[in-house]
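Since the structure comes first, as structure tokens, the remarks are kept for the end.
The values are calculated or read from the model by the stated rules, or taken from the named source; none is laboratory data. Predicted, not measured: the structure shown is a model, and the values here were computed from it. Note: ideal-geometry Cβ built from the backbone for every residue, glycine included; neighbour counts use all protein chains shown. Surface accessibility is based on the protein's heavy atoms, side chains included, excluding ligands, DNA and RNA. Shrake-Rupley method; radii C 1.70, N 1.55, O 1.52, S 1.80 Å.
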Amino acid sequence: MLVLVAPGQGAQTPGFLTPWLDLPGATDRIAGWSDAIGIDLAHYGTKADADEIRDTSVAQPLLVAAGLLSAAALGASPSVVAGHSVGEITAAAFAGVIGEDAALRFVRTRGLGMAEAAAVTETGMAALLGGDPEVTVVHLEKLGLTPANVNGAGQIVAAGTAEQIAALVEDKPEGVRRVVPLKVAGAFHTHHMAPAVERLREAAVALEVSDPAVTYVSNADGRTVATGAEVISRLVGQVANPVRWDLCMETFKELGVTALIEACPGGTLTGLAKRALPGVQTLALKTPDDLDAARALIAEHAGA
């Protein structure tokens with residue numbers, strides 16, 4: 001059984017879209033999406049520097065566009081889909097809940113809303129590597145931080161104000177090996193993002209929604225979601241609530257997933273899966289050079 005997953009913000013790197021634009025029709029698709037949302041995705045994906053693509057309003061549509069482009073090139077027919085943070089919008093398009101153009105318009109609203117919310121207070125996020133999750137969560141709450149991403153495989157991402165993140169760097173939870181500040185522009189998946197929820201709720205009204213055509217796993221709680229209306233409701237609320245990727249991976253186990261492919265820019269979620277899902281084959285789509293190996297993996301596992 002194959003699961004196709006889409007990464008969240010922070011996975012982007014300068015120039016990562018460049019090789020994908022050499023594929024037939026890719027430039028036209030990116031140009032069409034760029035026109036639809038008023039942002040030059042080709043520029044940001046090929047020429048922009050790290051600071052430019054760190055901007056939330058840029059990074060989020062860029063990630064969804066890359067995920068959709070790479071999945072189309074792959075021609076995957078997964079049994080299960082899921083996404084981390086903004087990757088859930090990509091996954092919703094994978095599952096046929098919303099169309100690709102609608103996904104780009106929705107994520108543009110999400111990115112703008114979250115960027116505006118992040119501008120109110122200087123906030124950020126940091127990954128904690130190692131340690132006992134229960135001990136770590138108590139320590140974070142003591143510092144006023146939110147465990148915004150519980151990723152499994154010994155990784156939790158904390159979110160809060162710049163002062164709280166600085167305090168965390170100086171005062172790590174017991175057992176945590178490293179605290180790594182992330183290249184994101186706000187405390188995502190916390191109460192700091194509440195204003196963006198209202199913007200998304202308004203935008204969701206205009207969406208044409210279908211029920212998922214494949215099994216859709218929600219990162220809110222790792223549960224499968226059977227209706228398109230519930231998928232959209234969760235997409236709206238998740239910007240201000242923690243991501244439970246650890247529970248998604250538990251569900252992959254329960255469903256009998258045997259292979260995991262991560263859409264472009266892949267690497268983060270496959271890294272977590274290698275540690276948390278022993279025996280599951282993984283492959284990250286980083287460049288089109290990875291497509292042949294991914295197709296071979298699909299042939300071996302899809303619909304098994």
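The chain: percent of C-alpha pairs farther apart than 26 Å? Distances greater than 26 Å cover 41 percent of the Cα pairs.
When the Cα atoms of the range 109-255 are aligned to their principal axes, the ranges along those axes come out at 48, 40, 22 Å in descending order. The listed peptides 124-130, 201-207, ordered by packing as a protection proxy, come out as 124-130, 201-207 (highest mean of other Cβ atoms within 10 Å first).
Taken as Cα centroids, the range 113-174 and the range 192-225 sit 24 Å apart, rounded to the nearest whole angstrom.
Considering only protein heavy atoms, with the full assembly of protein chains and a 1.4 angstrom probe, order 84, 43 by accessible area, largest first.
Ranked list, largest accessible area first: 43, 84.
For the chain, the solvent-accessible area works out to 40 Å² per residue, with a probe of 1.4 Å and every protein chain left in place. Computed over protein heavy atoms with a 1.4 Å probe, the carbon and sulfur contribution to the accessible area of the range 1-90 reaches 49%. Note on the chain: antiparallel DSSP beta bridges, both residues inside, total approximately 55 percent of the bridges counted. Of 199, 108, 178, the order by accessible heavy-atom surface (1.4 Å probe, DNA, RNA and ligands excluded), from most exposed downward, is 178, 199, 108. Highest mean packing first, where packing is the average number of other Cβ atoms within 10 Å per residue, the peptides 85-91, 287-293 line up as 85-91, 287-293. Entry note, the chain: the mean residue ellipticity at 222 nm calculated from DSSP H runs of n ≥ 4, each adding -39500 (n - 2.57), is -14000 deg cm²/dmol after division by the residues and rounding to the nearest 500.
Compute, for the chain, the length of the dipole vector about the Cα centre, with Cβ point charges of +1 (Lys, Arg) and -1 (Asp, Glu) only. Units Debye, rounded to 20. Computed charge dipole of the chain: roughly 300 debye.
Its relative contact order, with pairs defined as Cα atoms under 8 Å and 6+ residues apart, puts the chain at 25 percent. Which entries of 253/274; 172/274; 172/286; 47/286; 142/172 show an alpha-carbon separation above 21 angstrom in the structure shown? Flagged as over cut-off: 172/274; 172/286.
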